[in-house]
Amino acid sequence: MTTMIAGVERRALEPHTDARGTLREVWRSSQRAIDVRQVLVTVSLPNALRGMHYHLRQTDLVFVTSGRVSMALIDLRDDVAAKHQFVFGEGESLLIPPGVAHGYATERGATTCYLLTTEVDGSDEFGFRFDDPEAALAWPTATPTLSPRDRDAGALATALAHVRRSFAA
């Protein structure tokens, strides 16, 4: 297990392989005590970018079932706003706590699975621009395919103020 930002856990998923293929255990409640309330799967086409997103209540346990993504994390809870970018692929999981912004881009396409601690209803969905100059994130594609929500997202400074105000309350 690797800790990058407080509360973020990146783990290798040990493969159990035989003549039929491979099995990897993604989650076990005795090792990661999260209450899974919803599971989502996204299929991202080449040059897709999803992010930057954050939640105030929800924890995400993420794993890539096929392909690779360029993952970005920014800790919005801390005055320093620690940032990590890395390639994330099959055979790993990532636990992302509330207040940590996350997003990813894929050059060739990827399928990603999310185990969520809350059911998505829109009330805990926030974000900021993937190309905000203050974030200074390096993405693998210059012209990503974005959702309208991601294209029209606000500034990192607004997200920082929102998270800090929410966690201070």
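Each reported figure results from applying straightforward, stated rules to the coordinates on display, with no laboratory input. Bear in mind that the values here come from a model prediction, so they are computed numbers and not experimental data. Because the Cβ atoms are built from the backbone with ideal geometry, glycine has one as well, and the counts that use them run over all protein chains shown.
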**Study point:** Environment charge of Phe63, counting only residues whose C-beta is closer than 15 Å and scoring Lys/Arg +1, Asp/Glu -1
**Key:** +1
**Study point:** MRE, 222 nm, helices only [DSSP H, n ≥ 4, -39500 (n - 2.57), over the chain, to nearest 500]
**Key:** -3000 deg cm²/dmol
Practice item. Give me the number: length gained by fully extending Gln38 to Thr143, i.e. 0.36 nm times residue separation minus the C-alpha to C-alpha distance, one decimal in nm. Key: 34.7 nm
Check your understanding: For the chain, the longest stretch holding no GluC sites (Glu not before Pro) located in a DSSP loop with at most 14 other Cβ atoms within 10 Å is which?
Key -> 26-118
Revision key, fill the gap. Full extension between Arg24 and Ala157 adds, at 0.36 nm per residue less the Cα distance, a length in nm of 44.0 nm
**Study point:** Residue among Ala33, Ala136, Ala110 with the largest mean-square fluctuation in a Gaussian network model of the chain, springs linking Cα atoms under 10 Å
**Key:** Ala33
Review point. Ordered by packing density, taken as the mean number of other Cβ atoms within 10 Å over each peptide's residues, highest first, how do 145-154, 37-46 rank?
Key: 145-154, 37-46
Review point. Which ordering of Met52, Met4 is given by a fewest-first count of other beta-carbon atoms within 10 Å?
Key: Met4, Met52
Practice item. In debye, nearest 20, what is the charge dipole magnitude of the chain about its Cα centre with +1 on Lys and Arg Cβ and -1 on Asp and Glu Cβ, if you could check? Key: 120
Exercise for review: Let me know the Kirkwood hydrodynamic radius for segment 2-168, please, with Cα pairs as the basis and the value in Å to one decimal.
Suggested key: 16.4
Point to revise | Residue order, fewest to most beta carbons within 10 Å, for His55, His84, His16 | key: His16, His84, His55
Point to revise | the chain: relative contact order in percent, alpha carbon pairs under 8 Å with at least 6 residues between | key: 29
